[in-house]
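The structure under discussion appears below in the form of structure tokens.
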Amino acid sequence: MSIWWSLHLRREAASVPLARRLLIGTMETAGVDPDVSYDLSLALTEACANAVEHGGATGAATGAYRVTAYLDGEKCRIEVSDSGPGLPPGRVFMSAANTPATRTKGRRGTGRGRRTRRRAGTQAAPAPRPSRTQAPPSAPVPPSEVAESGRGLCLIRELADDVHFGNRPGRDGGAVISFDKILKWREGAPLAAV
């Protein structure tokens, strides 16, 4: 069994909690683990807030955006799309799997790191650290701690397992943010049994 729904919402602040509550209610009813539900609802909140703030014609406070959620088996996919000017080229067109912050996600303690042997009475020289160079110009730069915008996209990357940022092709255009998360189920969850 799978569940999916799609909402067409006005670009108003009141629409953000509506989408979040619908997602949380769906996941609670289906039996998704509350921690996973929380992560997804926070990521959805950030994506919707981005659509409300930036998802329309320049200077326009009206318009709409769409939220679609799929719960299917072991995965949830959420997509938020708007009809605004889209995302700036080179800023965030990178999946979460390719970002430095998430490359090692879930790989702690694999034992594959570099090892140094020490003999009794000898001191091992510390391994030289690779020099840190600037990222290539096409790589997205994370926002500074005092930046007014951009932190929500980084938060989505951290909360989801796979994230894609892009623009819709065509004249109408607009930004599309989609993210997936592997689901954990409560014991006896209605969808987990299927």
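The values are calculated or read from the model by the stated rules, or taken from the named source; none is laboratory data. Here the structure is a predicted model, which is why all the values come from computation and not from measurement. Counting neighbours? That spans all protein chains shown, and the Cβs are built from the backbone with ideal geometry, glycine included. Accessible surface is based on the protein model in full, side chains and every heavy atom, while ligands, DNA and RNA are left aside. Shrake-Rupley method; radii C 1.70, N 1.55, O 1.52, S 1.80 Å.
Odds and ends about this structure:
- Exclusive hit being touching a Ser or Thr at 6+ places or on another chain (Cβ under 8 Å) and at pLDDT 95 or above, set 51, 69: 69
- Those residues of region 27-56 which are in a helix (DSSP H, G or I), open to solvent by 20 Å² or more (accessible area, probe 1.4 Å) and more than 21 Å from residue 153 (Cβ to Cβ), in sequence order: 28, 29, 34, 35
- Against the list (1) closer than 22 Å to residue 170 by Cα; (2) modelled with pLDDT under 95, the condition residue 102 fails is (1).
- The condition of being in a helix (DSSP H, G or I) and either out of contact with any helix residue (DSSP H, G or I) (no Cβ under 6 Å at 6 or more places or on another chain) or buried (at least 17 other Cβ atoms within 10 Å of the Cβ) (or both) does not hold for residue 12.
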